[in-house]
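A.B. asks: Quick one: structure below, then a few questions.
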Amino acid sequence: MKLYGHPFSNAARRVQMLCEECSIPYTYQVVNLMEGEQYKPEFLALNPNGKVPVIDDDGFVVWESQAIMRYLADKHKAKTWYPVDPRARAHVDAWLDWNQTRLGPEAAKIMFNTHFAGDKGNPAAIEDAKKWLLKILPMMDGELKQRKYLCGDQPTVADIAAATNLAYLEMCQYDLGTYPAVTKWFGGMKARPSFTKTIPK
Ligand SMILES: N[C@@H](CCC(=O)N[C@@H](CS)C(=O)NCC(=O)O)C(=O)O
């Protein structure tokens with residue numbers, strides 16, 4: 001299986017983390033986002049959105065990081081990472097959707113305007129994202145006070161996905177100190193070999 005990504009892509013990182021956690025064999029193909037390689041016809045043929053990650057699993061191509069994680073977990077029967085029981089799965093899906101629609105966009109906005117945009121970074125966009133995080137993170141903290149991981153006693157793909165977004169916030173020196181349960185949970189996720197192995201260099 002070939003994973004197309006970029007070391008600074010949190011979306012590609014979550015797929016790579018799952019592969020590491022589940023010992024799923026993969027080769028990593030760096031797509032040079034800085035050079036616009038994602039818009040070359042050969043890459044657009046894989047993902048017409050011009051974004052990483054994408055996987056090519058023996059000719060079967062999937063894009064969108066969380067769709068890829070679901071596919072890989074199902075294919076490799078990683079049932080603790082992505083449960084098969086409909087009710088347990090529904091909770092993991094809820095946190096995955098929350099990650100894509102609530103936490104992810106704000107983390108990406110802060111990361112983009114702090115690091116990727118260079119001197120075109122927009123401080124107002126960062127402030128706007130921080131306002132949203134003031135609504136999002138207290139909820140996450142409240143939930144993590146009740147459980148070790150987002151969906152129970154074991155980490156799932158939802159924990160991996162959310163951790164990669166919090167990693168973006170950390171790279172922007174965002175202070176999680178007012179959220180003790182999030183801080184504790186994130187500390188646990190950061191200690192996992194799958195996280196340390198995928199730290200962008
Ligand atoms: N929702 C997508 C987001 C993918 C995404 O935004 N990828 C970024 C890197 S994190 C990218 O490839 N950006 C290149 C570009 O937009 O030109 C996913 O989860 O896979």
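A.B. asks: Please identify the trypsin sites (Lys or Arg not before Pro) of region 61-117 that satisfy two criteria: DSSP loop assignment and at most 15 other Cβ atoms within 10 Å. Which are they?
C.D. replies: Values: sites: ARG70, LYS75, LYS77, LYS79, ARG87, ARG89, ARG102, LYS109; in loops: LYS77, LYS79.
Hits after loop and neighbour filter: LYS77, LYS79.
A.B. asks: For the chain, what does the helix formula give at 222 nm: sum of -39500 (n - 2.57) over DSSP H segments with n ≥ 4, over the residue count, nearest 500 deg cm²/dmol? Each step should come with its number before you reach the end.
C.D. replies: Numbers: 9 runs with 101 residues, N = 201.
Using -39500 (n - 2.57) per qualifying helix, the result is -15500 deg cm²/dmol.
A.B. asks: Using unit Cβ charges (K, R positive; D, E negative) and no other charged atoms, how large, in debye to the nearest 20, is the dipole of the chain about its Cα centre?
C.D. replies: On the way: 25 positive and 23 negative charges, 93 e Å.
Around 440 debye, computed over the chain.
A.B. asks: With each pseudo-label sitting 7 Å past Cα toward Cβ, what's the ALA45-SER23 distance in nm, one decimal?
C.D. replies: 3.6 nm
A.B. asks: Using the C-alpha gyration tensor of region 59-112, what are the square roots of 5 times its eigenvalues, in whole angstrom, with the largest one first?
C.D. replies: Numbers: eigenvalues 105, 52, 11 Å².
Over the Cα atoms of region 59-112, the semi-axes work out to 23, 16, 7 Å.
A.B. asks: Enumerate by residue number the chymotrypsin sites (Phe, Trp or Tyr not before Pro) in region 62-96 meeting two conditions: DSSP loop (anything except H, G, I, E, B), and at most 10 other Cβ atoms within 10 Å of the site's Cβ. Could you put the intermediate results ahead of the total?
C.D. replies: Numbers: sites: TRP63, TYR71, TRP81, TRP95; in loops: TRP81.
Loop-located and lightly packed - none at all.
A.B. asks: Using a Förster radius of 22 Å, what is the FRET efficiency between LYS120 and ASN32 based on their Cβ-Cβ separation? Nearest 0.05, please. Write down the numbers at each step before the final one.
C.D. replies: Working: r = 20 Å, r/R0 = 0.90.
Efficiency, from the Cβ-Cβ distance: 0.65.
A.B. asks: Do any of LYS130/LYS190; LYS79/LYS148; LYS148/LYS190; LYS75/LYS184 go past 20 Å between their Cα atoms, and which? If you can, show how the numbers build up before the last one.
C.D. replies: On the way: LYS130/LYS190 22 Å; LYS79/LYS148 18 Å; LYS148/LYS190 14 Å; LYS75/LYS184 31 Å.
Listed pairs above 20 Å: LYS130/LYS190; LYS75/LYS184.
A.B. asks: What is the Cα coordinate range of region 2-75 on the first, second and third principal axes, sorted by size from largest, in whole angstrom?
C.D. replies: 32, 24, 18
A.B. asks: Express the relative contact order of the chain as a whole percentage, based on alpha carbon pairs under 8 Å and six or more residues apart in sequence. Walk me through the numbers before you get to the answer.
C.D. replies: On the way: 247 pairs, mean separation 47.4, N = 201.
Once normalised by length, the contact order is 24 percent.
Bear in mind that the values in this text are calculations on the coordinates, not laboratory data. The shown structure was predicted, so the numbers you read here are calculated from the model rather than taken from an experiment. Methodologically, a virtual Cβ is constructed for each residue, glycine included, from the backbone with ideal geometry; neighbour enumeration extends over all protein chains shown.
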